[in-house]
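Data first, discussion second: the structure below is written as structure tokens.
The values are calculated or read from the model by the stated rules, or taken from the named source; none is laboratory data. Nothing here was measured: the structure is a model prediction, and the numbers come from that model. Glycine also receives a Cβ, built like all others from the backbone with ideal geometry; neighbour counts cover every protein chain displayed.
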Amino acid sequence: MVFFLFLFASGEAFIHGPCFINPAQVDHVPTRLFYKKEVIRNSKEQTVPATNIVGRCAVLSYKEYCTSRFTEIPENDVFVCESKCDDADKVIKKFNKPLKVRDAPVEFPWCFDAFG
């Protein structure tokens, strides 16, 4: 997820946004179950060069993951996120409000496939 795109006069581009991690990268109760394609939003945000971008993916809320998906993104690059992890206390918590997709092009209905 990209919050900001910086472009400097030198031509260098940087992106800024949150980090998403796999459940295996976080300490959790061994009996806790995760979805196959689940990622967890970390409280840390990063700024990285745009040259580090290797492709596109979609991180959706559970409701969006079950009902609609971007058609231009391959299925193996679509993830579900319904939890967050705070770096300070290393505890996984559910979102109070669903994850928002900021760049969902509402005016282009052809960007989504309906499931169900």
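Only one residue in 88, 9 is hydrophobic (A, V, I, L, M, F, W, C), out of contact with any strand residue (DSSP E or B) (no Cβ under 9 Å at 6 or more places or on another chain) and either exposed (fewer than 14 other Cβ atoms within 10 Å of the Cβ) or in a strand (DSSP E or B) (or both), so which one is that?
Numbers: 88 fails: out of contact with any strand residue (DSSP E or B) (no Cβ under 9 Å at 6 or more places or on another chain).
So the residue among 88, 9 that is hydrophobic (A, V, I, L, M, F, W, C), out of contact with any strand residue (DSSP E or B) (no Cβ under 9 Å at 6 or more places or on another chain) and either exposed (fewer than 14 other Cβ atoms within 10 Å of the Cβ) or in a strand (DSSP E or B) (or both) is 9.
Does residue 15 satisfy the criteria of being modelled with pLDDT of 85 or more, in a strand (DSSP E or B), surrounded by 13 or more Cβ atoms within 10 Å (Cβ to Cβ) and β-branched (Val, Ile, Thr)? Break it down stepwise before answering.
Values: modelled with pLDDT of 85 or more: yes; in a strand (DSSP E or B): yes; surrounded by 13 or more Cβ atoms within 10 Å (Cβ to Cβ): yes; β-branched (Val, Ile, Thr): yes.
Yes.
For region 33-62, which residues satisfy the criterion of being surrounded by 11 or more Cβ atoms within 10 Å (Cβ to Cβ) and in a loop (DSSP other than H, G, I, E, B)?
The answer is 34, 35, 37, 39, 53, 57, 61.
Considering only region 26-62, how many residues are over 24 Å from residue 14 (Cβ atoms) and more than 15 Å from the chain's Cα centre (by Cα)?
Qualifying residue count, region 26-62: 9.
Of a type in the set (A, V, I, L, M, F, W, C) and modelled with pLDDT of 85 or more: which single residue out of 106, 91, 80, 29 fits that description?
Numbers: 106 fails: modelled with pLDDT of 85 or more; 91 fails: modelled with pLDDT of 85 or more; 29 fails: modelled with pLDDT of 85 or more.
Answer to the check: 80.
Hey, does region 29-50 have a residue that's of a type in the set (Lys, Arg) and touching a Cys at 6+ places or on another chain (Cβ under 9 Å)? Spell out how you get there, then give the answer.
Looking only at region 29-50, we keep the residues that are of a type in the set (Lys, Arg), and these are 32, 36-37, 41, 44.
Next cut, touching a Cys at 6+ places or on another chain (Cβ under 9 Å) only: 41, 44.
Checked against the condition, which is being of a type in the set (Lys, Arg) and touching a Cys at 6+ places or on another chain (Cβ under 9 Å), region 29-50 yields at least one hit.
I want to confirm something. Restricting to region 25-67 and keeping residues that are basic (Lys, Arg) and in contact with a Phe, Trp or Tyr (Cβ under 6 Å, 6 or more places away or on another chain), which single residue is nearest to residue 85 (Cα to Cα)?
Within region 25-67, the first condition is being basic (Lys, Arg), and the residues that meet it are 32, 36-37, 41, 44, 56, 63.
From what's left, in contact with a Phe, Trp or Tyr (Cβ under 6 Å, 6 or more places away or on another chain): 37, 41.
Values: 37: 17, 41: 6 Å.
Ranking the qualifying residues of region 25-67, first place goes to 41.
Considering only region 18-32, state which residues are in a loop (DSSP other than H, G, I, E, B) and not hydroxyl-bearing (Ser, Thr, Tyr).
22, 26, 27, 28, 29, 30, 32 - these are the residues of region 18-32 that are in a loop (DSSP other than H, G, I, E, B) and not hydroxyl-bearing (Ser, Thr, Tyr).
Any residue in region 21-45 that is of a type in the set (Ser, Thr, Tyr) sitting within a Cβ distance under 6 Å of a residue that is exposed (fewer than 12 other Cβ atoms within 10 Å of the Cβ) and part of a loop (DSSP other than H, G, I, E, B)? List the pairs, counting only those 6 or more apart or interchain.
Here the result reads 43/87, each pair linking region 21-45 to a residue that is exposed (fewer than 12 other Cβ atoms within 10 Å of the Cβ) and part of a loop (DSSP other than H, G, I, E, B).
Any chance region 61-72 includes a residue that's closer than 14 Å to residue 19 by Cα and either in contact with a Leu (Cβ under 6 Å, 6 or more places away or on another chain) or among the aliphatic types (A, V, I, L, M) (or both)? Steps first, please.
Here is the first cut: in region 61-72, the residues closer than 14 Å to residue 19 by Cα are none.
No, because not a single residue in region 61-72 is closer than 14 Å to residue 19 by Cα and either in contact with a Leu (Cβ under 6 Å, 6 or more places away or on another chain) or among the aliphatic types (A, V, I, L, M) (or both).
List every residue pair whose Cβ atoms lie under 8 Å apart, where the two residues are 6 or more positions apart in sequence or sit on different chains, the first residue falls within region 68-97 and is closer than 21 Å to residue 53 by Cα and without any contact (Cβ under 8 Å) to a residue 40 or more places away in the chain, and the second residue, located anywhere, is surrounded by 10 or more Cβ atoms within 10 Å (Cβ to Cβ) and among the basic types (Lys, Arg).
72/56; 73/56; 75/69; 77/56
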